[in-house]
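Coordinate-derived values only; no laboratory data. This is a predicted model, so every value here is computed, not measured. Because the Cβ atoms are built from the backbone with ideal geometry, glycine has one as well, and the counts that use them run over all protein chains shown.
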Amino acid sequence: MHLAPQGVTLMVFLVEDSLAIRARLAATIRGIAGAELVGEAGTVGGAIEGIRSTHPGAVILDLQLEDGSGLDVLRAVRPSAPAMHVAVLTNYATDQHRRACIDAGAEFFLDKSSEFPLVREIVQRWADHRDGTGPGPKV
């Protein structure tokens, strides 16, 4: 495995409207070597503003937010951050949602009910390969 140079940290922004799930994801991210949680939001507006102000290298994005869709967030921030990693988490893991998220620029599309533990693996992989040598998308 090729690791990123020492001192290079993957900045991660977390978007999740459920406080319990957000706390669990935040604890997971904080426990990953080479990753730093730089912000959290639970709304579309808060997510867009937070991502634009922190310039993270990765976003963990809930698809269904209390005031809209994670797709709205992704579409708003992707043009100015084409290299940013994005993993979408959802309870709505339909083929239609998957296609829409991938088309909008998500790298991963995960079902919260069965693939939640993969978040740690994905963020660790991103953090380990900050120089761009990491594996390609897996959706």
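Fewest Cβ neighbours within 10 Å first, please rank Phe116, Phe108, Phe13 accordingly.
Numbers: Phe116 15, Phe108 21, Phe13 27.
If I rank by nearby Cβ atoms, fewest first, I get Phe116, Phe108, Phe13.
Skipping prolines and chain starts, which residues have an amide H placed within reach, meaning under 5 Å, of the one on His85, given they are 5 or more residues away or on another chain?
The answer is Ala58, Val59.
Considering the Cα trace of region 87-127, what is its radius of gyration and what is Dmax, both in angstroms?
10.2, 29
Which percent, nearest 5, of DSSP beta bridges in the chain are antiparallel? Intermediate results must be reported in sequence, preceding the final value.
Numbers: 2 of 21 bridges.
Looking only at bridges with both residues in the chain, the antiparallel portion is about 10 percent.
What list of ³J(HN,Hα) couplings, whole Hz, do you get for region 52-69 from phi and the Karplus terms 6.51, -1.76, 1.60, once you set θ to phi - 60° and write x for glycine and proline?
5, 8, 9, 6, x, x, 8, 10, 9, 10, 6, 6, 9, 9, 4, 10, x, 10
Only Lys, Arg, Asp and Glu count, each charged at its Cβ (+1, +1, -1, -1), so figure out the dipole size of region 14-128 about its Cα centre, rounded to 20 debye. It would help to have the intermediate numbers written out before the result.
Numbers: 11 positive and 16 negative charges, 39 e Å.
Computed about the Cα centre, the dipole is about 180 debye.
Angle, helix 19-30 long axis vs. longest principal axis of the chain, Cα atoms, 0 to 90°, nearest 10?
Relative to the chain, helix 19-30 is tipped by roughly 10 degrees.
In percent, what relative contact order does the chain have, based on Cα pairs under 8 Å that are 6 or more apart in sequence?
On the way: 238 pairs, mean separation 36.8, N = 139.
Dividing the mean separation by the residue count of the chain yields 26 percent.
Set Lys and Arg Cβ to +1 and Asp and Glu Cβ to -1, take the dipole of region 14-128 about its Cα centre, and tell me which of Pro117, Ile48, Ala104 lies farthest positive.
The one lying farthest along the dipole's positive direction is Pro117.
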